[in-house]
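Visitor: I have a structure here, written as structure tokens, and I will follow up with some questions on it.
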Amino acid sequence: MKSTQMLRLISLNIFKRQSFPPVLSNEVELLKAAITDAKQRGLDPQHTPEVQNIVRRMITLMPFVEKFRELEQVVCVYSSLRETQPFDAPEVEAAGKRINLVNNELLTDRRYRRFYQSLQCLEIYELPFSRENTSQ
């Protein structure tokens with residue numbers, strides 16, 4: 001394969017990774033504006049409430065939302081068990097294994113991977129859980 005053809009394939013592949021689904025077009029524009037605003041104020045965009053709220057809304061519009069909510073619940077159970085049980089307790093170990101299982105199921109979803117890769121291109125590496133499951 002010629003180097004120009006290879007370069008074209010690579011650039012097309014990169015373009016695919018940076019694109020969000022059309023259903024998120026409004027949120028993507030809001031997200032980009034919120035990221036720019038946070039950077040101008042000298043803040044880490046992924047930790048600002050505006051960016052987190054936009055990402056939360058984006059997640060609710062995606063087909064993997066139910067699996068993501070399941071992961072939230074499993075993480076909450078694990079956190080509460082860690083506060084009351086020793087680290088090596090069977091319940092804590094089982095909850096930890098469940099987190100890995102649900103996370104792996106999410107990672108096998110092509111739509112989730114593409115969504116997460118697109119966020120990474122915007123320097124968003126942490127996906128926020130819903131407000132009711134956080135202490136914010």
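The values are calculated or read from the model by the stated rules, or taken from the named source; none is laboratory data. In this text the structure is predicted, and so the values were computed from the model without any measurement. All Cβ positions, glycine included, derive from the backbone under ideal geometry; neighbour counts span all protein chains shown. To get the accessible areas, we keep the full protein, side chains included, count just its heavy atoms, and leave off ligands, DNA and RNA. Shrake-Rupley method; radii C 1.70, N 1.55, O 1.52, S 1.80 Å.
Visitor: Taking the stretch 84-110 as the region of interest, how many residues are more than 23 Å from LEU127 (Cα to Cα), in a helix (DSSP H, G or I) and among the acidic types (Asp, Glu)?
Guide: Residues flagged as more than 23 Å from LEU127 (Cα to Cα), in a helix (DSSP H, G or I) and among the acidic types (Asp, Glu) within the stretch 84-110 amount to 2.
Visitor: If you don't mind, there's one more thing I want to ask. Quick check on my filter: what residues within the stretch 20-37 are touching a residue at least 12 places away in the same chain (Cβ under 8 Å), out of contact with any Lys or Arg (no Cβ under 8 Å at 6 or more places or on another chain) and surrounded by fewer than 16 Cβ atoms within 10 Å (Cβ to Cβ)?
Guide: Of everything in the stretch 20-37, those that are touching a residue at least 12 places away in the same chain (Cβ under 8 Å), out of contact with any Lys or Arg (no Cβ under 8 Å at 6 or more places or on another chain) and surrounded by fewer than 16 Cβ atoms within 10 Å (Cβ to Cβ) turn out to be VAL23, LYS32, ASP37.
Visitor: I would also like to ask the following. Could you grab me the full set of residues in the stretch 61-104 that are aromatic (Phe, Trp, Tyr) and surrounded by 17 or more Cβ atoms within 10 Å (Cβ to Cβ)?
Guide: PHE64, PHE68, TYR78
Visitor: Under 20 Å from ARG114 (Cβ atoms) and open to solvent by 40 Å² or more (accessible area, probe 1.4 Å) - does that describe any residue in the stretch 38-60?
Guide: Within the stretch 38-60, the first condition is being under 20 Å from ARG114 (Cβ atoms), and the residues that meet it are 46, 51, 54-60.
Checking which are open to solvent by 40 Å² or more (accessible area, probe 1.4 Å) leaves us with 57, 60.
Yes, that holds for at least one residue.
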